[in-house]
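The values are calculated or read from the model by the stated rules, or taken from the named source; none is laboratory data. Quantities reported herein were computed from a predicted structural model and do not represent experimental measurements. We place every Cβ from the backbone using ideal geometry, glycine too, and count neighbours over all the protein chains shown.
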Amino acid sequence: MKTLRLRVTMQEVEPRVERVIDVPAAITLDELHEVLQVAIGWTDSHLHQFRTEDAVYTVPFEDWVEDREVDERGVRLSTLPARFVYAYDLGDNWRHDVEVLGRGDDQPGCVDGQGACPPEDCGGAGGYADLLKALADPRDPERESMRTWVGDRLRPFDQHATAHRVRDAVGAVPDSVRLVLGLLADGVKLTPGGRLPRSVVRAVQQVRPSWNPMGRLASIEGDLLPLAVLHDLLRHVRLVRLTNGVVRPTKAAADELETVRRLRSWFDEGAFHTMTAERAVALLAARGPLQVAQIAAEVHPLLGHGWSRDGKPITTRDVEDELRNLAHQLQALDLITRSRSEWSPGPSARSLLPGANLLADLL
C-alpha cells in the first residue's frame, strides 16, 4: 500500500503534542478524520473541520453547508495543499497543524510522536494549561477535584499502541472476505438457482466450520448462512459481479483500501442497525465473550435517547432482536464468532467498523 507520512502537531499546547503517522495515499478526508482521532487520542465526541486558505472541509449539518464549506466525504487528502489545519471541537477549538512530509512506509501506522492528548472538554489550550498547573501544585485548592475529574484520561503517548490504533482505523479486509474473493478469483458459475456451487461451499466450510452450527457437511450455500449473507453483501457493494451466470471479483476487490471502504458502506451511517452493531462489537472487543442478552442489556444505554419502534422507545428486547437479525452479517464479516451460548469478538472486531474500534478503548 502506498502511504503518505504526516506530521500532526497541536497548536498552543505545552508539553508539545505531536504524531508522525503513515496513512494510505488514497485516503479521503472523512477517513483521515477517523485516523487522526485515534492517533492523537480524541474520542470523536465533537464536530471537526479541515481548513486550508481556500476552503473549509467538513461533514454538512443536515446537508447544509456554509460559504467556503465543502463536504469532506470523498475528498482525497492528495487534493489538499502540503500544509493545512485540522480543527476538532469547535468550542474548545483544538487546532492541529498537519504537514505532508512525503512517502511513508509500506503499511499505515505511527512512526514517532510525543505528548499526551489533553482530556476532552477541558476548555481548550488555555484550560488545559490551567489544569496542568493545578495538578502540579499540591497547594492548589482545586487539585484533588481536578485529579478526580481527569481520572485516567491523561495517558502518556504509547507509539506501539498508537500504531495499532492507526492501522485499525485505516482498516483491513476480513479474512472471510479474502477467502471468498480468492475462491471466486477465476470466475465461478452459479447454480441454476443463482447460488454458489457445492465446491465453493465446502471449501469455505473447511475454513469456517462454525458457520454450520449443526456440524454437518454442507451441500448448498444455505447450509452456511453467513456465506449466503456474504455472497449477497459482496454483490451489493460491488466487490463481485455476475456476468452470464458467472460470478467473479471486480477490479475494486484488488484494492485493499477500496475493499474496506465498500464493506464499511454496507453499514449506513447513523442507522439503528449500524449503531447497534458498532456498540455490540466494541463491547465484545473490550470485554470478551458474552451472551446475547448481556450484550443487549449493555448496548441499550449506549445507544442514547431518541430511538423508537412502533412509536414507543426501544427496549432491551428490541436491541436483542436487532442483534439476532444482525448475527449472520457480523459473523460473515468476522466481526464476531458465535457458539450456542455466547458471542465472542471476531478477528476483524477492531479493524472494520471505525466506531467500534474507537468505542472499544473507552469501555
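Quick notes on this one:
- The single condition from (1) buried (at least 19 other Cβ atoms within 10 Å of the Cβ); (2) modelled with pLDDT under 95; (3) farther than 28 Å from LEU352 by Cβ that THR58 fails is (3).
- THR58 free of Cβ contacts under 8 Å to residues at least 24 places away in the same chain and hydroxyl-bearing (Ser, Thr, Tyr): yes
- Candidate set from the stretch 305-330 (those that are out of contact with any Leu (no Cβ under 8 Å at 6 or more places or on another chain) and of a type in the set (S, T, N, Q)); member that is modelled with the lowest pLDDT: SER308
- Residues that are loosely packed, with under 15 Cβ neighbours inside 10 Å and of a type in the set (A, V, I, L, M, F, W, C), drawn from the stretch 221-265: LEU242, VAL246, ALA254
- Options GLY187, GLY194; residue that is in contact with a Ser or Thr (Cβ under 9 Å, 6 or more places away or on another chain), assigned by TED's automatic domain parsing to the domain that holds VAL247 and either among the small types (Gly, Ala, Ser) or crowded, with 16+ Cβ neighbours inside 10 Å (or both): GLY187
- Residue in the stretch 178-197 that is in contact with a Cys (Cβ under 6 Å, 6 or more places away or on another chain) and β-branched (Val, Ile, Thr) present: no
- Residue ID - surrounded by the fewest Cβ atoms within 10 Å (Cβ to Cβ), chosen from residues in the stretch 307-352 that are over 23 Å from the mean Cα position of the chain (by Cα) and closer than 14 Å to MET275 by Cβ: SER308
- Single match in VAL75, VAL85 (criterion: assigned by TED's automatic domain parsing to the domain that holds THR43, farther than 24 Å from GLY41 by Cβ and hydrophobic (A, V, I, L, M, F, W, C)): VAL75
- Evaluating ASN93 against the criteria (1) in contact with a Gly (Cβ under 8 Å, 6 or more places away or on another chain); (2) at pLDDT below 95 leaves one unmet condition, (2).
- Of all residues making up the stretch 20-40, the number that are in a loop (DSSP other than H, G, I, E, B) and surrounded by 24 or more Cβ atoms within 10 Å (Cβ to Cβ): 0
- Annotation note: of GLU278, GLU221, the sole residue that is closer than 30 Å to LEU362 by Cα and not assigned by TED's automatic domain parsing to the domain that holds LEU32 is GLU278.
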